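J.: Please find one structure pasted underneath; my questions will follow.
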Amino acid sequence: MNFLKIKYFPNRVEDYLYYCLSNVIYITILVCLIFQNLEQSKTNIKINEVILFIPKTANDFEEKRDLIFNQLSTNNSIISVNKIEDKDIKNLLSDILKNTNLSEEIIPEVYSLQVDKSKLINFELTNSKISRIINGALVLNFQNKKSNSLILLFSSFAITIFIILFANYFIIRNYLIKLKKYLCLSRYFGVTDYIIIRNFNISCFILLNLSFLLSYPIVIIVLEYYYNILTYRVSVIEVYLFIYFSYIFITLFVLSIQCNIFMKKNNAL
């Protein structure tokens, strides 16, 4: 006999809404937190990087820029000069200048210098020479700066998942207590624990899918406007799908264990 049509989840509409809306909030917080950490990790400056800044403020900028390159080419410590794209510069400045549109004219040209580690650069002398060509031109050495964004990402993800599971634990526990007599009656008619747990999982799976559908437009709005994170939709979907499968798998796994323990601990069942 198939019991798939039996609803072991609460039949009250407010119970369905509460479970759905609470998970919409949890999912939105989780996704935004992960994307905030991912965007922050993109802006971290590389370790041991020498950077050349050339402001676009001088007349005959192209000619004077070439003079700076000629000046740097005489330095035996510098192997090559690689231009950093304007969009990457904007990403580096996005945390400082939030909600500010940067004009292309005021963004300096930035170059990454590949340096021979066996030869030291005299930064004071080099900056003195290039600043005479274009005022404000500067070579900086970013010292060792360890990035802990990956650790922050996993720690924040783990803490958020724990809080969500903890909250859902009490929601499900409350529902199980409400359905205790109904589950007991179902057992008298031959319903096995496996069928009970299966139906709980089916009900939660449907509600969680509804929660993810409702939370997606909210996530897009928050990422684009509140956090000012300009991310391609493809990457948003990829990360969102990863969270979707992970979230549902963990939630249903914990739910199955919780239901199994609850039914075994209560003699009435």
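J.: Applying 1/(1 + (r/R0)^6) with R0 = 51 Å to the Cβ-Cβ distance of residue 174 and residue 135, what FRET efficiency is obtained, to the nearest 0.05? Mind dumping the intermediate values first?
T.: On the way: r = 69 Å, r/R0 = 1.35.
After rounding to 0.05, the efficiency reads 0.15.
J.: Based on the Cβ-Cβ distance from residue 214 to residue 84, what FRET efficiency comes out when R0 is 41 Å, to the nearest 0.05? Before the final figure, lay out each step's value.
T.: Numbers: r = 40 Å, r/R0 = 0.98.
That gives a FRET efficiency of 0.55.
FYI, it's all coordinate maths here, none of it is from the lab. Since the model is a prediction, treat every value here as computed from it, not as a measurement. Because the Cβ atoms are built from the backbone with ideal geometry, glycine has one as well, and the counts that use them run over all protein chains shown.
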